[in-house]
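The values are calculated or read from the model by the stated rules, or taken from the named source; none is laboratory data. These figures come from a predicted structure and were not determined experimentally. Cβ coordinates were reconstructed from backbone atoms using ideal geometry, including for glycine residues, and neighbour counts include every protein chain displayed. SASA here: full protein model, heavy atoms, side chains in, ligands and nucleic acids out. Shrake-Rupley method; radii C 1.70, N 1.55, O 1.52, S 1.80 Å.
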Amino acid sequence: MSFQPIKFYQTGTFTVGNRLLNPENRSVQSHQDRSNAINSGHRACQGCGEALGARYALDAAMEATGSQLIAANATGCLEVFTTPYPESSWQLPWMHSLFGNAAAVATGIAAALKAKGRNGVRVVAQGGDGGTTDIGFACLSGMFERNDDVLYICYDNEAYMNTGVQRSSATPPAARTTTTMPVGLSPGNVFGQGKFVPAIAMAHEIPYVATATVADLHDLEAKVKRAMEFRGARYIHIFVPCPLGWGTASHDTIRIARLAHETGMFPVFEAEHGELISSLPIRRQLPVEEYLKPQKRFAHLFGAKPNLEVIARIQARADRNIQKYGLLQTEVA
Amino acid sequence: MLKQIEGSHAVAEAIALCRPEVVCAYPISPQTHIVEALGEMVKSGELTPCEFINVESEFAAMSVAIGASATGARAYTATASQGLLYMVEAVYNASGLGLPIVMTVANRAIGAPINIWNDHSDSLSQRDSGWMQLFAETNQEALDLHIQAFKLAEELSLPVMVCMDGFILTHAYEQVDMPTQRQVDDYLPPYEPRQVLDPREPVSIGAMVGPEAFMEVRYLAHAKQMQALERIPQLAAEFKQVFGRDSGGLTHTYRGEDAETIIIAMGSVLGTIKDTIDEMRADGHKIGVLGITSYRPFPLAQVRAALHNAKRVVVLEKSLAVGIGGILSTDVRMALSGIHLHGYTVVAGLGGRAITRKSLHKLFREAEQDALPALTFLDLDWEVVNKQLTRERVMRRSGPAAENMLRDIGTVASKIA
Amino acid sequence: MDKPFAITLDLGSSLANHTGSWRTSKPVYLDRLPPCNAGCPAGENIQGWLFHAESGDYEQAWRVLTVDNPFPAIMGRVCYHPCESVCNRGKLDSAVGINSVERFLGDEAIKRGWKFDAPAASSGKKVLVVGAGPSGLSAAYHLARSGHSVEIHEAGPLTGGMMRFGIPKYRLPRDVLDAEVQRILNLGVMLKLNTKVANIEDSMRAGNFDAAFLAVGAHIGKRAFIPAGDAARIVDAVSVLRSMEGEDKPMLGRRVVVYGGGNTAIDVARTAKRLGATETIIVYRRTREKMPAHDSEVEEALQEGIMIKWLSTIKQAEEGSLTVEKMKLDDKGFPQPTGEFESIAADSLVLALGQDVDLSLLQGVSGLEIKDGTVQVGSNMMTGHKGIFAGGDMVPSERTVTAGVGHGKKAARHIDSWLLGTTYQSAAKHEPVSFDMLNPWYYTGAPKTMSPMLDVIRRQTSFDEVQGGLDESNALFEARRCLSCGNCFECDNCYGVCPDSAVIKLGPGKRFKFNYDYCKGCGMCVSECPCGAIKMIPEDI
């Protein structure tokens, strides 16, 4: 009989920690002495996915670097809610310059560190989807192309939340924003070709690209840790639901992120040097309605007369993700 | 060491002697030769340790400099014209954060119409950006001002633009006295930042500041530039001690001793003006020159003192505040508060239009007779202008003005020389 | 560092901003009652002992278990584990094998010789326990651990009661029974065998007892009137099973018919088979769905080749044969005669129609109420006569070993209070936790390679004992399948998922607490708690 290790079926590998696991096998978030890169007292909304995602990512990066880490931050919710004068929530050297230049500022930080011979100090840049996929895109692409030693993390909540929920190039089709209202012949955001920056990052063939959600902490932390093993440009795109902008309950943030993955709406994968190397399989596939229905930004698709055609088109997008990224692998014991 | 060398290369060598740690480069004429030369020095190992970053835009250039400077590195970049405008958001940010970046602006006109030649529209558009602006008259001064600029910027934690006329200086081969590394090291200490991104002592830089403190932050920027008014002459004096020559300072008066007419200008045109003045002095005219080196901070007191005994002042500037007239003139007028003298604004040399001694002689003589209008456009081709104005009056679809006028003139090249 | 004014800020200074003031409702930790605990007739803290078993601390698990039930090795064999039928994990894949883990712990305790902690200081009170069956032994155990002096009077020659005389060896090996009984006696409980209490008041007076717990069980097999020829061999099931413990095994013949549909009917049929019957038939008047015997027992019996005649009653018994009438169910589900008869061959007929209680020891005791042949007791297990308590099969109950053990515990608690002149108040029951309060996403499914292996072990048969036990790794596996419904198992989820870092981790075994200075009341901790151990309550405003 082959050896079958005894796992923790009670908690699996999905909970934040587990009293029975060795400390090194637990998530960074479970540690009593975690960095808490963003500490209490910040002004994010109740149930903010970005506050959570940023703490997850930066705590992991700080752990991986022994806190030898500097962060550059684009303008946006994350910046505003963490550093309104006279209070800062950050626990690491952190800088905000502008909306569209976080990647370039990070390049400058990395260049300075290199010139000073301080190779042990690492650099992370972070921004929301607007600061990454729109206004900051040129700087991001430049940083990728030069292969600067920067990990760029995008916290994607699929619209400009800081300015009051306007559409960004990461806003999904049919979603309501204040600039894509659910009125007229095709309510909500248009069906475009999409601008999926992780794929664009892969096209730069940078050492490491990954996507993650706040619903799978272990996966997210593993990716941050992996990213810190590389030198050069790295990109992690983290899906962070926004209760305010999406019209979801504040306690549902993680559930919605989970549903985004389980429906195939948001593919979770990693790539090295432009090649896809793994995908996070869907454990229990669900139809996209399960993801759409709890969100008010898609409410116009349901109600008395559901817009079946649009729902079908959204399902088709999810199906394409599932196929393209191989999200329905069977779970390996 | 004396060298016959292109202005851009002279500046590049001086920058290298200042031991910059991060240089960001994005091509735009006419500053490109400077960063090209620096790039080669970094790649060859001559300039080390230094990171040379080929960025994807001027916006990124300034942003990379911001990141580098905030991390305690001596950061440098260069730009001009459209490039400066493209980085404006970051320009304001660098000064707002108090980062002592030094940037060469190879002054060039701003389009449209697109024009690559010299005037001062670009850096003067950044008048209120919070950067200090030092204008070089010669290549030697351009070289020297860069060395002083790093010291000034770092002492005060404010960025400095060293402005040199595009092509006229950047591309001119002149003899310069190139300092030694030792001299520069004696003059310019290593950069000791006031704040730095460092895990050993983490801080959060770039907070959001509301009405409760914003005014104070802005006032402090102003106060620093006021301190610079004191430091700039001192730095020039210290420079003279180490390098043995006069360079920098706030203003330079030339033959102003008993002058009734004072000409004020910035940059390389001062050379032509001085030549003209010399000739006029030989003819017995009581005329002198006030060259402004420090445009920001603006030396109100020095300007006022220089003009105190004059009867008239002519501000000859390579810039135009459309809708009012002069830009430099406006600042000069602030210095004149309470002094009664005739003031004339002359807009000259826009987009590289040559400023000739012949035109200046005529201009200055008219000024001496107080026969100048308040605002003069030097050597403006009124025939062409009036033709276009008529055209626009009589027909709706008058077409593009610039192209119309080029057609009216005939060739372009003939008017530039 | 001399920091530039306003644009540069000190680390972590936002702690000055107490965002807790935003809150309109707040999370609180609580322990909820898991369905297994709620469903256990013996009142075991199943989730509690599984918690320790998960970490491999079997001794601690056994100690927590035996706070409520001194017989894990026996329970692990004979309990019909109602806990498993209500286990929330059953809604995910299949219920946790609580019973097998319990048995593993019991066997491990016997193997390792674990002993109960010494009783508390002596109370100076004396309690008489009548009957050494599950209920009496359980009461004796709990009373002894509370520091009372306990004496058991057992009419029979051996301890165990129905555990010995009602349950066949193949289900409960006697060495296991003896070991667990002995461990109770080792607490200092005095046992008097072959001591029939003829009159309880006399015995109490004679022994100077302060209280008594009666648990004599129900041993008298019910007879039904069946017209029978002189030579027909008719016996009752209890007698058959009891005689299995003696020297003379019962003679039932090759063809045995058992009449009845309870667990005893199954036990006796399987016993007959083991005694050499070639043909064993159970005759039951209703259908399988209506049969009171536990499904697993029926299944095992069928697997062993026992036949069951459904919807049939026995009308007459003759030597070598029986007359059976076919029945049919009416609209209300009651069997009605059809008038169709058939004859089946039988060397003997065993009646398994239930048991009656021998109430002779209660003659003359004042205040008692007897109804339907059982003694009525109050919610404190006391009879109408002060100081005399009763439990087990002699009071109205479902008549299982587990229920009997539960009675013993409950009675012991009340006797203890009664002796001290107080009234026992059981701790308020936690609110129950239902499946929809859990977040099952966090639990991994048992991998496919593991489940069949486990199934085989669970069903393994041997000559002596039908059910095999788990080995350690399997027991650990099963224990770790527990969802810990309603009780924090320190998974760190609340600590991790709080966007405001407003959960304080207190360290191993100490759980967590909320930092209400910063908690904004988003409720994410509640949604993401796997086991439903946090709830939101409205904030006092």
Looking at the range B:311-417, what helices (runs of 4 or more DSSP H) fall wholly within it and have at least 1 residues that are touching a helix residue (DSSP H, G or I) at 6+ places or on another chain (Cβ under 6 Å)?
B:328-335, B:357-368, B:382-394, B:401-409
So which of C:Ala6, C:Ala42 is more than 14 Å from every other protein chain (Cβ to nearest Cβ) and open to solvent by less than 20 Å² (accessible area, probe 1.4 Å)?
C:Ala42
Can you find, within the range B:207-225, the residue that is surrounded by the fewest Cβ atoms within 10 Å (Cβ to Cβ) among those that are at the interface with chain A (Cβ under 7 Å from one of its Cβ atoms) and touching a helix residue (DSSP H, G or I) at 6+ places or on another chain (Cβ under 8 Å)?
B:Met208
Flagged in the range C:358-379 as in contact with a His (Cβ under 8 Å, 6 or more places away or on another chain), of a type outside the set (Ser, Thr, Tyr) and at negative phi, in numbering order, are C:Asp358, C:Val365, C:Leu368
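I'd like to check something: does the range C:312-325 contain any residue that is over 20 Å from C:Ala232 (Cα atoms) and assigned by TED's automatic domain parsing to the domain that holds C:Val238?
Keep residues of the range C:312-325 that are over 20 Å from C:Ala232 (Cα atoms), which gives none.
Checking the range C:312-325: not a single residue is over 20 Å from C:Ala232 (Cα atoms) and assigned by TED's automatic domain parsing to the domain that holds C:Val238.
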If C:Gly333 satisfies all but one of (1) surrounded by fewer than 18 Cβ atoms within 10 Å (Cβ to Cβ); (2) in a strand (DSSP E or B); (3) among the small types (Gly, Ala, Ser), what's the number of the condition it fails?
(2)
Cβ-Cβ under 8 Å, sequence separation 6+ or interchain: first residue in the range C:291-319 and closer than 17 Å to C:Pro168 by Cα, partner of a type in the set (Gly, Ala, Ser). Which pairs?
C:Ala293/C:Gly261; C:Ala293/C:Gly262; C:Ala293/C:Ala265; C:Ala301/C:Ala269; C:Ile306/C:Ala269
Which of the residues belonging to the range A:65-90 are on the phi < 0 side of the Ramachandran plot, more than 7 Å from chain B (Cβ to nearest Cβ), open to solvent by 10 Å² or more (accessible area, probe 1.4 Å) and in contact (Cβ under 8 Å) with a residue 24 or more places away in the chain?
A:Thr65, A:Thr75, A:Cys77, A:Phe81, A:Glu87
Note down all Cβ pairs under 8 Å where the first residue falls in the range B:38-50 and is assigned by TED's automatic domain parsing to the domain that holds B:Gly72 and free of Cβ contacts under 8 Å to residues at least 24 places away in the same chain, the second is crowded, with 19+ Cβ neighbours inside 10 Å and assigned to a helix (DSSP H, G or I), and they're at least six residues apart or on different chains.
B:Thr48/B:Val42
Select the strands (runs of 3 or more DSSP E) contained entirely in the range B:1-88, then report the ones holding at least 1 residues which are polar (S, T, N, Q) and within 11 Å of another protein chain (Cβ to nearest Cβ).
B:51-54, B:75-79
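The rows are residues; the columns are (1) within 14 Å of chain B (Cβ to nearest Cβ); (2) open to solvent by 10 Å² or more (accessible area, probe 1.4 Å).
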residue	(1), (2)
A:Leu98	yes, yes
A:Gly108	yes, no
A:Thr132	no, no
A:Phe191	no, yes
A:Gly194	no, yes
A:Tyr208	no, no
What number goes with the only condition from (1) under 35 Å from the mean Cα position of the chain (by Cα); (2) closer than 20 Å to C:Arg23 by Cα that C:Tyr516 does not pass?
(1)
From the list C:Leu65, C:Leu50, which residue is aliphatic (A, V, I, L, M), more than 12 Å from chain A (Cβ to nearest Cβ), within 20 Å of the chain's Cα centre (by Cα) and in a helix (DSSP H, G or I)?
C:Leu65
Selection within the range C:202-227 - open to solvent by 50 Å² or more (accessible area, probe 1.4 Å) and outside any loop (DSSP other than H, G, I, E, B)
C:Asp202, C:Arg205, C:Ala206, C:Ile220
Please state which one of C:Arg89, C:Arg23 is open to solvent by less than 20 Å² (accessible area, probe 1.4 Å) and within 12 Å of another protein chain (Cβ to nearest Cβ).
C:Arg89
Unmet requirement for A:Ala115, which otherwise passes all of (1) within 8 Å of chain B (Cβ to nearest Cβ); (2) open to solvent by 20 Å² or more (accessible area, probe 1.4 Å)
(2)
When the residues of the range C:134-147 are narrowed to those that are touching a residue at least 60 places away in the same chain (Cβ under 8 Å) and open to solvent by 10 Å² or more (accessible area, probe 1.4 Å), which ends up farthest from C:Met75 (Cα to Cα)?
C:Ser146
Can you confirm whether A:Ala57 is more than 9 Å from chain B (Cβ to nearest Cβ) and either in a strand (DSSP E or B) or not hydroxyl-bearing (Ser, Thr, Tyr) (or both)?
yes
Any residue at all in the range A:147-164 that is open to solvent by 10 Å² or more (accessible area, probe 1.4 Å) and facing chain B (nearest Cβ under 7 Å)?
no
Looking at the range A:220-236, is at least one residue within 12 Å of chain C (Cβ to nearest Cβ) and within 14 Å of the chain's Cα centre (by Cα)?
yes
Is the range A:135-146 home to any residue that is under 19 Å from the mean Cα position of the chain (by Cα), open to solvent by 10 Å² or more (accessible area, probe 1.4 Å) and at the interface with chain B (Cβ under 9 Å from one of its Cβ atoms)?
yes
C:Lys111 vs (1) open to solvent by 50 Å² or more (accessible area, probe 1.4 Å); (2) assigned by TED's automatic domain parsing to the domain that holds C:Asn474; (3) touching a residue at least 40 places away in the same chain (Cβ under 8 Å); (4) over 16 Å from the mean Cα position of the chain (by Cα): all pass except (3)
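Regarding the range A:257-265, can at least one residue be identified that is in contact with a His (Cβ under 6 Å, 6 or more places away or on another chain), open to solvent by less than 10 Å² (accessible area, probe 1.4 Å) and within 26 Å of C:Asp93 (Cβ to Cβ)? Don't jump to the end; show me each part of the working.
Quick first cut of the range A:257-265, residues in contact with a His (Cβ under 6 Å, 6 or more places away or on another chain) only: none.
Scanning the range A:257-265 turns up no residue that is in contact with a His (Cβ under 6 Å, 6 or more places away or on another chain), open to solvent by less than 10 Å² (accessible area, probe 1.4 Å) and within 26 Å of C:Asp93 (Cβ to Cβ).
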Of the residues that sit in the range C:68-86 and are in a helix (DSSP H, G or I) and farther than 20 Å from C:Leu185 by Cα, which one is most open to solvent (accessible area, probe 1.4 Å)?
C:Ser85
Residue satisfying all of: in the range C:483-513; within 37 Å of the chain's Cα centre (by Cα) and over 24 Å from A:Asn25 (Cβ atoms); nearest to the other protein chains (Cβ to nearest Cβ) among these:
C:Cys485
Test for C:Leu191: is it part of a loop (DSSP other than H, G, I, E, B) and not assigned by TED's automatic domain parsing to the domain that holds C:Phe71
no
